[in-house]
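Undergrad: Sending over a structure as structure tokens; questions will come in a sec.
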Amino acid sequence: MRWLEKIDPEIYQLIKAEERRQYESIRLIPSENYTSAAVMEATGSVLTNKYSEGYPGKRYYEGQQYIDQIENIARERAKNLFKAEHANVQPYSGSPANMAVYYALLEPGDKIMGMSLPHGGHLTHGWKVSFSGRFYQSVQYTVSKETGRLDYDQIREMAKRERPKLIVSGATAYPREFDFKAFGEIAQEVGAYFLADIAHIAGLVVAGVHQSPIPYADAVTTTTHKTLRGPRGAMILCKASHANAIDRAVFPALQGGPHNHTTAAIAVALKEASSPDFIEYGKQIVRNAKVLAEALLEYGFSLITGGTDNHLILIDMTSKGVTGKQTAKALDRAGIVVNYNTVPFDPRKPFDPSGIRLGTPSVTSRGMKEEEMRLIARWINEVVQNIGDEERIQRIKNEVRELCHHFPPPGISL
Ligand code: DSN
């Protein structure tokens, strides 16, 4: 970054500091990851200079000789990897991707049915402060109070009662596998479209450790930067019968020029994700999460649903006598980065909730395995037991830093 250093040393220094932070901390936010150097090179390329409204072969600007090829490669790789009939790789991120599906399949005021945000769903699945809860009628299903899991009988009953035009599955804080077949059947029974948002678990679907929704869903959305380990961006995969409506919703209805540098980086990430190494990576994410969950249970932490099937763990900190925010902030001071999160039926407010959310995609990208997960659980427990003892927290931070230097993350060299 020699030009950046010269032209804007202030921003340069901040990027270098963030690079060091990412290198020297244990990043457990389940929606984050480390992309490869190849993905970052594509992201930082001259493709950012080009406008390309439209789609390959049908653009509104000239000079698309190479852009068309890049977008076609990205689309084909997405279709092959997920075995989808059609792929649109232009959505700027996950929320615009979901908006595009609603725009394509619904009219304003139609009814959608998604998972409630405080129970693990996403803002764009019909939550009241998002466009999805304002421009559409929204009804929301929750997890069961007894098990913390989705109850498919209840979802079916709600769908029969409410008759939504579209049902959404997907979550940001649900530690169990989704039964996409059940969702597809429920949608069919009530004549609704089925949208599966697999942003969090796309990498696990590719690795074959989780069921794929492709056979059951009208449309599947995913971000590309979570377990899929690509650049920040998103894709929509859909049935051929929806291809035209989806493409027209993304452009010209909702977006202008696609971010071609991101499209190229998505193509690179999809190539990386089709390697045998990536399958092993996906399996290791889940193995790591399960070991981390078991170790935390042994330290007496209260895990929502009692464990995990995927890459993430949701913990109610109430039994430890601390809030989610206190915990997340103390862990951050120790170099262990998580986010505070509501837990189902949380009596506290979203900005100061009872829980924390953690996950294993980033640490698995660094090559950490079961042994390191046990060590991380030990540190988490030590921090929680010593909130307020800054000397102890600093000592843990030093140990964390030392471990991180043994596991250099992809894409960063200090
Ligand atoms: N912000 C993402 C997450 O952290 O799960 C969801 O969009």
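The numbers here are math on the coordinates, done by the rules we state, and not lab data. In this text the structure is predicted, and so the values were computed from the model without any measurement. Glycine gets a Cβ as well: all are built from the backbone with ideal geometry, and neighbour counts include every protein chain shown.
Undergrad: Name the residue farthest towards the positive end of the dipole of the chain from the options VAL286, PRO96, ALA269, assuming +1 on Cβ of Lys and Arg, -1 on Cβ of Asp and Glu, about the Cα centre.
TA: PRO96
Undergrad: Only loop residues by DSSP count here, and only those with at most 10 other Cβ atoms within 10 Å; note down the GluC sites (Glu not before Pro) in region 116-168 that meet that.
TA: The qualifying sites are GLU146.
Undergrad: Sum -39500 (n - 2.57) across every DSSP H segment of at least 4 residues in the chain, then divide by the residue count to get the 222 nm mean residue ellipticity, nearest 500. Please list the in-between numbers first.
TA: On the way: 16 runs with 181 residues, N = 414.
Here the helix-only value at 222 nm equals -13500 deg cm²/dmol.
Undergrad: Which one, VAL400, PHE82, VAL363, is farthest towards the positive end of the dipole of the chain when Lys and Arg carry +1 and Asp and Glu -1 on their Cβ?
TA: PHE82
Undergrad: Now a separate question. What is the dipole size for region 101-256, taken about its Cα centre, with +1 at each Lys and Arg Cβ and -1 at each Asp and Glu Cβ, in debye to the nearest 20?
TA: About 340 debye.
Undergrad: Let me ask something else. Could you tell me, in Å, what Rg and Dmax come out for the Cα atoms of the chain?
TA: Both quantities, over Cα of the chain: 21.5, 63 Å.
Undergrad: Hey, another quick one. Quick one: Karplus J couplings for region 38-48, per residue in order, coefficients 6.51, -1.76, 1.60, θ = phi - 60°, nearest Hz, x for Gly and Pro?
TA: 5, 4, 5, 4, 5, 5, x, 9, 5, 5, 5
Undergrad: How far apart, in nm, are the 7 Å Cα→Cβ label points at ALA243 and GLU32?
TA: 3.9
Undergrad: Pick from GLU294, GLU189, GLU18: which residue has the top mean-square fluctuation in a GNM of the chain where Cα pairs under 10 Å get a spring?
TA: Looking only at GLU294, GLU189, GLU18, the biggest GNM fluctuation is shown by GLU18.
Undergrad: Using Cα springs under 10 Å in a Gaussian network model of the chain, which residue among ILE279, ILE304, ILE11 shows the largest mean-square fluctuation?
TA: Evaluated over the chain, the most mobile residue of the options is ILE11.
Undergrad: If you average over every viewing direction, what projected area does the convex hull of the Cα atoms of region 250-401 give, in nm²?
TA: Convex hull of Cα atoms, orientation-averaged projection: 11.9 nm².
Undergrad: Could you tell me the center-to-center distance, by alpha carbons, between region 295-319 and region 370-386 in angstrom?
TA: 13
Undergrad: Evaluate E = 1/(1 + (r/R0)^6) for TYR61 and ASP332, where r is the Cβ-Cβ distance and R0 equals 30 Å; express this FRET efficiency to the nearest 0.05. Each step should come with its number before you reach the end.
TA: Values: r = 45 Å, r/R0 = 1.49.
Here the calculated transfer efficiency is 0.10.
Undergrad: Work out the FRET efficiency for LYS6 and THR48 from their Cβ-Cβ distance, taking R0 = 22 Å, and round it to the nearest 0.05. Walk me through the intermediate numbers first.
TA: On the way: r = 20 Å, r/R0 = 0.89.
According to the calculation, E is roughly 0.65.
Undergrad: Provide the gained length on full extension for the span GLU85 to LYS283, in nm with one decimal, where the gain is 0.36 nm per separating residue minus the Cα-Cα distance.
TA: 68.7 nm
Undergrad: If R0 is 45 Å, what FRET efficiency do you get for GLU18 and LYS160 from their C-beta distance, rounded to 0.05?
TA: 0.35
Undergrad: Can you give me the distance in nm between label points at PHE345 and GLU146, each placed 7 Å from the Cα along the Cα-to-Cβ direction?
TA: 1.1
Undergrad: Let me ask another. Quick one: if you stick a label point 7 Å off each Cα along the C-beta vector at GLU399 and ALA182, how many nm between them?
TA: 4.0
Undergrad: Moving to a separate point now. What is the magnitude of the charge dipole of the chain about its Cα centre, with +1 placed on the Cβ of each Lys and Arg, -1 on the Cβ of each Asp and Glu, and no other charges, expressed in debye to the nearest 20?
TA: Around 320 debye, computed over the chain.
Undergrad: Exposed loop trypsin sites (Lys or Arg not before Pro) only (DSSP loop, at most 10 other Cβ atoms within 10 Å): please give the longest stretch of the chain free of them, not including the sites.
TA: Value returned for the longest uninterrupted segment is 146-414.
Undergrad: Moving to a separate point now. For the chain, modelled as a Gaussian network with Cα springs under 10 Å, which listed residue fluctuates most, GLN284, GLN22, GLN65?
TA: Looking only at GLN284, GLN22, GLN65, the largest GNM fluctuation is found for GLN65.
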